[in-house]
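Inspection log for the structure reproduced underneath, given as structure tokens.
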Amino acid sequence: MLFQGFLNLNKPFDWTSHDCVARVRKLLRLKRVGHAGTLDPAATGVLPIALGKATRLLQYLPENKAYKATIRLGVRTTTDDLEGEIISSQTCAGLSLAEVKTALAQFEGKIEQIPPNYSAIQVDGKRLYDLARQGKMVEVPVRTVEIFQIDILDWREGDFPELDVAIACGSGTYIRAIARDLGEILETGGTLAALLRTQSSGFDLTDSLTFTDLEAKLQGGTFQPLAPDAALQHLLSVTLPATSAQKWCQGQRVSLNSEVTGIVRVYQEETRFLGVGQLQDEVLIPQMVFEPIS
């Protein structure tokens, strides 16, 4: 069977995103497989996987993400999580939740963030983690990211207290950097102890499949990928009559009486998803034709 659509994968611990893509390729016997929103190996949770022609839809997925994170205070590491070497540690048993709340409030909204030295960001064509492993220190470019909401879920006191938080954020946000910077503000040091992604690119953890789930469904012959337009519901939609739909699927621009502008989902007869187009001055321009009409 040729699968076309999306898989909402619950990424296991200690797997890279690339490992997951390779495993899905093997299980589904499918060459065209891609993913949205890379997750670090130590993180778990939602990793959207595109199958077949749906790989061309990855660029149109929504960018917002949500996480549950555990931050350990009193510790600094080379990678800003527990995977790296400890740079320094200091007990901070006297730290109060009130102090943490005040510091954490500084991260809501649009903030300037320096990504971790161990990250996939490129500087002069080279990945930061490759440069860091070579012992080369470079200036990491500051980026603007947006944190929509941070909620404290739990607070555990001790010599190295831990804070559980729920974070809703925009694309490009490093949760490891939030843990590190929170520790800097509190003058205790901080590092990320655990990370679970609960939402990404329109997919939710509650609907995700583990590899065990996926293998069971494949063995039982019940696996069906999510519809290709399932994660595109943030885009407005337009419907074409049959004649215009055929022309549009052949790469032609078609006229459409609509007040909608921008990137849209395109359908024929409201239910047949044809692809993604751009509406400009009542002209619908093909951007990605998913299902041609013969």
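A few points about this structure:
- For the chain, the share of accessible area belonging to carbon and sulfur comes to 46 percent (1.4 Å probe, ligands and nucleic acids excluded).
- Unit charges on C-beta of K, R, D, E only; dipole of the chain, Debye: 1380
- In Å², nearest 10: area of Glu187 left accessible to a 1.4 Å probe: 140
- Residues Gln59 and Leu82, FRET efficiency given R0 of 35 Å [Cβ-Cβ distance, rounded to 0.05]: 0.60
- Chymotrypsin sites (Phe, Trp or Tyr not before Pro) restricted to region 1-74 and DSSP loop, no more than 14 other C-beta within 10 Å: Phe13
- Rounded to the nearest 0.05, the FRET efficiency derived from the C-beta distance between Trp155 and Asp14 at R0 = 25 Å is 0.35.
- Accessible surface, the chain, averaged per residue in Å² (probe 1.4 Å): 51
- Only protein heavy atoms count here; under a 1.4 Å probe, Arg272 has an accessible surface of about 80 Å².
- Phi-based couplings in Hz for region 153-166 (Karplus 6.51, -1.76, 1.60; Gly and Pro marked x): 9, 7, 9, 10, 6, x, 4, 10, x, 10, 10, 9, 9, 10
- Here each label is just a point 7 Å from Cα along the line to Cβ, and for Ala105 and Thr243 those points are 6.3 nm apart.
- The heavy atoms of Asp207 offer some 110 square angstrom of accessible surface to a 1.4 angstrom probe.
- Dipole axis of the chain (+1 Lys, Arg; -1 Asp, Glu on Cβ), positive-most option in Gly94, Phe13, Ile285: Ile285
- Here volume of the Cα convex hull per residue in Å³ was computed from the coordinates, and among (i) 181; (ii) 161; (iii) 121 the match is (ii).
- Added length on full extension, which subtracts the Cα-Cα distance from 0.36 nm per residue, Thr261 to Ala98: 54.0 nm
- Separation in nanometres of the label points that stand 7 Å from Cα toward Cβ, at Asp204 and Arg272: 3.2
- Taking 0.36 nm per residue of separation and subtracting the Cα-Cα distance, full extension of the segment from Arg143 to Met288 would add 49.2 nm.
The values are calculated or read from the model by the stated rules, or taken from the named source; none is laboratory data. All values derive from a computational prediction rather than experimental measurement. When we count neighbours, we look across all protein chains shown, and the Cβ atoms used for this are built from the backbone with ideal geometry, even at glycine. What goes into the accessible areas is simple: the full protein's heavy atoms, side chains included, and nothing from ligands, DNA or RNA. Shrake-Rupley method; radii C 1.70, N 1.55, O 1.52, S 1.80 Å.
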